[in-house]
Amino acid sequence: QILLTPIISGMVLLVFFGFLLLCTSRALQFKQAFDVSDILPHDSYLIDYLDATYLYSERNLFVMAMYFRDLDFSDPKVPQEMRRIMHSVEQLPQVGNAVENCWLDAFESFSEVDPEISILPFKYRLEAFLSITTFSRLYGGDIVLNEEGELVACRCGIPMKYVDGDSVKSQILALEASTKLTEEDPINQDVDRLKFFLWDNVFNFWEFFRAVESELVSTTMVGVITVSLISLLFIAHWTAVFFVTPMVCMLYVELLGVMQMAGLSINSITYVCIVMSIGLMIDYVMHIVICYYESTKWTRKERVQETMETMGVSIMVGGLTTLLGILLMSVASSEIFMTLFISFLSLVLLGLLHGLVLLPVILSIIGPTDHLVHYIEGTNEEKEQRTTQRTRANTEMSSIRTLPTGLTASFSVVSRTSRLPSLEEVNV
């Protein structure tokens, strides 16, 4: 009853509207970021090691490999073609340095040292090269031979010196540059599969960073559309979608804003939480709307009060038990669990506030007054009878509003007793 008073209702609408504006501005600042320390416990020695590496070491964080396959490596033109490709890779802005420790350099130097070896066919020169323990240990993992001892594939590593490990944008640009070079190189034209390509395991993460924004948008759109269709199909009143859809969109934007204000960023962990949020937040809205439409009360406020006294209590208990379930994650030492805790805490609190505070206020102001029971219960005659009763009740209420103040009480007596009031009753 306090919530539905005009002053409190107005304050609720203003506060939530201001909070929505704040969260919208914050959601627009929600950026991608990934730190390796996020997947480690707070007291892990690896965090100190990584910090020291960034500060004091010139070791390159990312080293990609150039892979070559489906080539006749015994052809003298193939090494020249490999050199040309290496030079192209060296010109990438993210590389900017020469290829180091490539097996091809050591192999050619080895072949030139001994004249007897230099005249041997390529297959036997490579066999002699790998027979040396030092070369075998250094480059044995970069060379693939078939059963006949012929070279079928190889690779050369090259560090990406100018890729910022703390910048997702820099990593995405490195992936796009590597992909473009691979696709446009002449050696890969008109072939069934690539003869040359650049690859590193970290490309899996970079590909995720590149696709996550578009995937998040498309997933959100599909989720909102699905929720809207479900509300149309399972709530027996078409106006329900005008309460469910805007409320879910509002919750989604506010969740993004709260996560950004909490210091989180878009990564694989928060992505999962955000995708699940639509399906979890809809419960706090859908149950209230359904209960409101199923109410048999006549006025909006009575319906809202009945909804809050029945379904509202259940939603409150469900939200509190969920909070208790995630409370233990708040003391976890891993950043992953802390991220999950902040995400679900924000989700539950926003769902409770919108489902038990904002939505009841909106329904008490603009909620439909048609009875859902008219559409789903009784025969046609019973439905017509209910409609007639409702019309008669509305007429009586309108008549009361038009009567003078002193006659309002006597009209209620007439409606109860179906007789004309006496002069004493009129005076009273």
What are the pairs, 6+ residues apart or on separate chains, where a residue within the range 319-337 that is touching a residue at least 60 places away in the same chain (Cβ under 8 Å) has its Cβ under 7 Å from a residue that is of a type in the set (D, E, K, R) and in a helix (DSSP H, G or I)?
Glu335/Asp38; Ile336/Asp38
Only one residue in Phe73, Phe34 is open to solvent by less than 70 Å² (accessible area, probe 1.4 Å), at pLDDT below 85 and part of a loop (DSSP other than H, G, I, E, B). Which one?
Phe34
Residue ID - nearest to Met316 (Cα to Cα), chosen from residues in the range 244-294 that are in a loop (DSSP other than H, G, I, E, B) and in contact (Cβ under 8 Å) with a residue 40 or more places away in the chain:
Ala262
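Can you tell me which residue is most open to solvent (accessible area, probe 1.4 Å) among those in the range 135-188 that are assigned to a helix (DSSP H, G or I) and aromatic (Phe, Trp, Tyr)? If you could, list the steps in order and put the result at the bottom.
Going through the range 135-188, the residues assigned to a helix (DSSP H, G or I) turn out to be 135-142, 168-184, 186-188.
So of that shortlist, the ones also aromatic (Phe, Trp, Tyr) come out as 135, 139.
On the way: Phe135: 49, Tyr139: 24 Å².
In this case the residue turns out to be Phe135.
Would you be able to say whether some residue in the range 200-219 is polar (S, T, N, Q), under 18 Å from Ala33 (Cβ atoms) and surrounded by fewer than 13 Cβ atoms within 10 Å (Cβ to Cβ)? Walk me through how you get there before you give the answer.
Initial filter on the range 200-219 (polar (S, T, N, Q)): 201, 204, 214, 218-219.
Filter once more, so that each one left must be under 18 Å from Ala33 (Cβ atoms): 204, 214.
Next, only the ones that are surrounded by fewer than 13 Cβ atoms within 10 Å (Cβ to Cβ) stay: 204, 214.
Yes - at least one qualifying residue is present in the range 200-219.
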If you go through the range 37-66 one residue at a time, how many are aromatic (Phe, Trp, Tyr), open to solvent by 60 Å² or more (accessible area, probe 1.4 Å) and modelled with pLDDT of 80 or more?
2
Can you name the condition, by its number, that Ala236 falls short on among (1) in contact with a Cys (Cβ under 8 Å, 6 or more places away or on another chain); (2) part of a loop (DSSP other than H, G, I, E, B); (3) among the small types (Gly, Ala, Ser)?
(1)
Could you figure out which of (1) of a type in the set (Ser, Thr, Tyr); (2) more than 21 Å from Val163 (Cβ to Cβ); (3) in contact (Cβ under 8 Å) with a residue 12 or more places away in the chain isn't true of Ser44?
(3)
Out of all the residues in the range 1-29, which are within 16 Å of Met247 (Cα to Cα), open to solvent by 70 Å² or more (accessible area, probe 1.4 Å) and β-branched (Val, Ile, Thr)?
Val15
Hits in the range 81-102 - residues which are assigned to a loop (DSSP other than H, G, I, E, B), touching an Asp or Glu at 6+ places or on another chain (Cβ under 9 Å) and polar (S, T, N, Q)
Asn97
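The values are calculated or read from the model by the stated rules, or taken from the named source; none is laboratory data. Computed from a predicted structure; not experimentally measured. For neighbour counting, all protein chains shown are included, and Cβ atoms are generated from backbone atoms with ideal geometry for every residue, glycine included. To get the accessible areas, we keep the full protein, side chains included, count just its heavy atoms, and leave off ligands, DNA and RNA. Shrake-Rupley method; radii C 1.70, N 1.55, O 1.52, S 1.80 Å.
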